[in-house]
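These notes are about the structure you will find just below.
The values are calculated or read from the model by the stated rules, or taken from the named source; none is laboratory data. All values derive from a computational prediction rather than experimental measurement. Note: ideal-geometry Cβ built from the backbone for every residue, glycine included; neighbour counts use all protein chains shown. The accessibility values were calculated without ligands, DNA or RNA, using every heavy atom of the protein model including side chains. Shrake-Rupley method; radii C 1.70, N 1.55, O 1.52, S 1.80 Å.
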Amino acid sequence: MQKNNFPELREGVRQVVTAFDSRYWQEVDEARAFPEKFVTALTEAGWLAGLIPEAYGGSDLSLTEASVVMEEINRAGGNSGACHGQMYVMGCIVRHGSDKQKQDLLPRIARGEIRMQSMAVTEPSTGSDTTQLKTTAVRKGDRYVINGQKVWTSRLQHSDYMLLLARTTPLAEVKKKSEGLSVFLVDLREAVGKSITVRPIRNMVNHETNEIFIDKLEVPVENRIGEEGKGLKYILDGLNAERILIAAECIGDGYWFTDKASTYAKERIVFDRPIGQNQGIQFPIARAFVNVEAASLMRYRACEMFDAGINCGAEANMSKLLAADASWEAANVCLQTHGGFGFAAEYDIERKFRETRLYQVAPISTNMILSYVGEHVLGMPRSY
Ligand SMILES: Cc1cc2nc3c(=O)[nH]c(=O)nc-3n(C[C@H](O)[C@H](O)[C@H](O)COP(=O)(O)OP(=O)(O)OC[C@H]3O[C@@H](n4cnc5c(N)ncnc54)[C@H](O)[C@@H]3O)c2cc1C
């Protein structure tokens, strides 16, 4: 089975994540608390620095291996949503940052001294239409002054730095609407409570995410990542890795749900026989498992291409879509298999059900992926 490849890597991650049992996750979920001990343990074990190059103190894992790390976290019943930003947000610095930025930030992230797991792109009034974002950064001498608003900025309260996308050239003055946006490194320790006001959003899952109001935030020019005006390209460059890692989380969830459902189906006796003896229970679990396996194959295909430096935009998107669908199907089947008990918090199913539902919407919604495939793979007209 694919789920058993990379045995040593899986065992290493499992040793850390299985210390955080069902009770731990139920407690943080009920308290709506950040799973601080869990994130610290993963950081200290070095797993969240997997994609940082060795030269900067990371372990230089391939994306294939990094995907297995995320899969194992979710497969063990955990929620990578609390920490996946630490794995991939810094990728923008690795690919486009200056030597100074790399030397300053990457070793400290790898050592766990600082967290940079927050990325502010989405805005309330523009949503998926990123090129229309309203947050502006205006250069004044050696600084940029940033004003605007972001929404769904996740893990900000547990980050020291975040990346922020803002418009540096007005839309009316650029040739292509994707130009004129820039990425900035924001020191949250200086800005929050002064030029950044944070309003946490209570949401369906225990996910630390916020609306933020930015008022005359001053960022030194040296905190701009790469060239002015090319920020959207830099953000898009990182999306393939992000999509594949999120696909892996979904696959981990999918295995968790199908393991849990098949175990319960073997044990639960109703009408004098295990419920799993009924094909009405058995087949949906088997079908969900088949779909998780298929999604996992697409994930490995996308990883293989990414690791070989081959453009994998289509495969990354398709693996995210297939994996999010497979985990959601598995979640539904698992809940159904457990009958009423599926709704009881102590079984963890309703929590994981909520958590895995998010992947149909964030970080990219299913429709946007279908639109990508329709346009870029099948050559149909652009729909937006
Ligand atoms: C818990 C959570 C955490 C998040 N974390 C972050 C974060 O850390 N940083 C960040 O920047 N963002 C984050 N997001 C935002 C997330 O990326 C967006 O919610 C997502 O991209 C969809 O954007 P939207 O919510 O504005 O939906 P909208 O763009 O308003 O779209 C609403 C619906 O309409 C569909 N739709 C829109 N246009 C079209 C079209 N042309 N064709 C077909 N369908 C269309 C969309 O697919 C979606 O289903 C997070 C969101 C959530 C819920």
Name every residue in region 370-384 that is open to solvent by 60 Å² or more (accessible area, probe 1.4 Å) and β-branched (Val, Ile, Thr), in order of residue number. Val377
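Within region 48-66, is there a residue that is assigned to a helix (DSSP H, G or I), open to solvent by less than 40 Å² (accessible area, probe 1.4 Å) and touching a Phe, Trp or Tyr at 6+ places or on another chain (Cβ under 8 Å)? Reasoning before the result, please.
Quick first cut of region 48-66, residues assigned to a helix (DSSP H, G or I) only: 48-49, 54-56, 63-66.
Next, from what is left, pick out any that are open to solvent by less than 40 Å² (accessible area, probe 1.4 Å): 48-49, 63-64, 66.
If we keep only those that are touching a Phe, Trp or Tyr at 6+ places or on another chain (Cβ under 8 Å) as well, we get 63-64.
Scanning region 48-66 turns up at least one residue that is assigned to a helix (DSSP H, G or I), open to solvent by less than 40 Å² (accessible area, probe 1.4 Å) and touching a Phe, Trp or Tyr at 6+ places or on another chain (Cβ under 8 Å).
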Residue tally, condition free of Cβ contacts under 8 Å to residues at least 40 places away in the same chain, over 19 Å from Asn311 (Cβ atoms) and within 9 Å of the ligand (Cβ to nearest atom), over region 370-384: 1
Would you please list the contacts, defined by Cβ atoms under 8 Å and residues six or more apart or on different chains, that run from a residue in region 244-255 that is on the phi < 0 side of the Ramachandran plot to a residue that is outside any helix (DSSP H, G or I) and open to solvent by less than 10 Å² (accessible area, probe 1.4 Å)? Ile244/Cys312
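For region 67-104, enumerate the residues that are β-branched (Val, Ile, Thr) and open to solvent by less than 10 Å² (accessible area, probe 1.4 Å). First the steps, then the outcome.
Here is the first cut: in region 67-104, the ones β-branched (Val, Ile, Thr) are 68-69, 73, 89, 93-94.
Passing the criteria: Val68, Val69, Ile73, Val89, Ile93.
Each row is one residue, and each column tells you yes or no for (1) under 23 Å from Ile225 (Cβ atoms); (2) under 15 Å from the mean Cα position of the chain (by Cα); (3) not charged (D, E, K, R).
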residue	(1), (2), (3)
Asp29	no, no, no
Phe38	no, no, yes
Tyr56	yes, no, yes
Gly77	no, no, yes
Met87	yes, yes, yes
Ile93	yes, no, yes
Scan region 29-47 for residues that are open to solvent by less than 50 Å² (accessible area, probe 1.4 Å) and of a type in the set (D, E, K, R) and report the count. 1
Matching entry among His84, His96 (being of a type outside the set (A, V, I, L, M, F, W, C) and within 16 Å of the ligand (Cβ to nearest atom)): His84
Can you say whether Gln132 is within 16 Å of the ligand (Cβ to nearest atom) and over 22 Å from the mean Cα position of the chain (by Cα), as far as the supplied structure shows? yes
Being more than 14 Å from the ligand (Cβ to nearest atom), within 17 Å of Asn147 (Cβ to Cβ) and among the basic types (Lys, Arg) narrows it down to one residue among Arg189, Arg224; which is it? Arg224
Among the residues of region 142-163 satisfying the criterion of being within 30 Å of Pro35 (Cα to Cα) and among the basic types (Lys, Arg), which is most open to solvent (accessible area, probe 1.4 Å)? Arg155
So which pairs qualify, if the first residue must be in region 87-112 and under 15 Å from Lys233 (Cα atoms), the second must be of a type in the set (Ser, Thr, Tyr) and open to solvent by less than 40 Å² (accessible area, probe 1.4 Å), the Cβ gap must be under 8 Å, and the two must be at least 6 apart or on different chains? Val89/Ser118; Cys92/Tyr234; Arg95/Tyr234; His96/Tyr234
Conditions (1) open to solvent by 20 Å² or more (accessible area, probe 1.4 Å); (2) in contact (Cβ under 8 Å) with a residue 60 or more places away in the chain; number of the one not met by Asn367: (2)
Where Ala41 falls short, out of the listed (1) free of Cβ contacts under 8 Å to residues at least 40 places away in the same chain; (2) assigned to a loop (DSSP other than H, G, I, E, B): (2)
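Against the condition more than 15 Å from the ligand (Cβ to nearest atom), open to solvent by 60 Å² or more (accessible area, probe 1.4 Å) and either touching a helix residue (DSSP H, G or I) at 6+ places or on another chain (Cβ under 6 Å) or among the hydrophobic types (A, V, I, L, M, F, W, C) (or both), how does Ala172 come out, does it pass? Please lay out each step first, then the result.
Working: more than 15 Å from the ligand (Cβ to nearest atom): yes; open to solvent by 60 Å² or more (accessible area, probe 1.4 Å): yes; either touching a helix residue (DSSP H, G or I) at 6+ places or on another chain (Cβ under 6 Å) or among the hydrophobic types (A, V, I, L, M, F, W, C) (or both): yes.
When the stated conditions are applied, Ala172 passes them.
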Buried (at least 16 other Cβ atoms within 10 Å of the Cβ), more than 8 Å from the ligand (Cβ to nearest atom) and of a type outside the set (Gly, Ala, Ser), is that true of Arg139? no
Qualifying residues in region 338-364 (those that are more than 20 Å from the chain's Cα centre (by Cα) and of a type in the set (A, V, I, L, M)) - the one least open to solvent (accessible area, probe 1.4 Å): Ile349
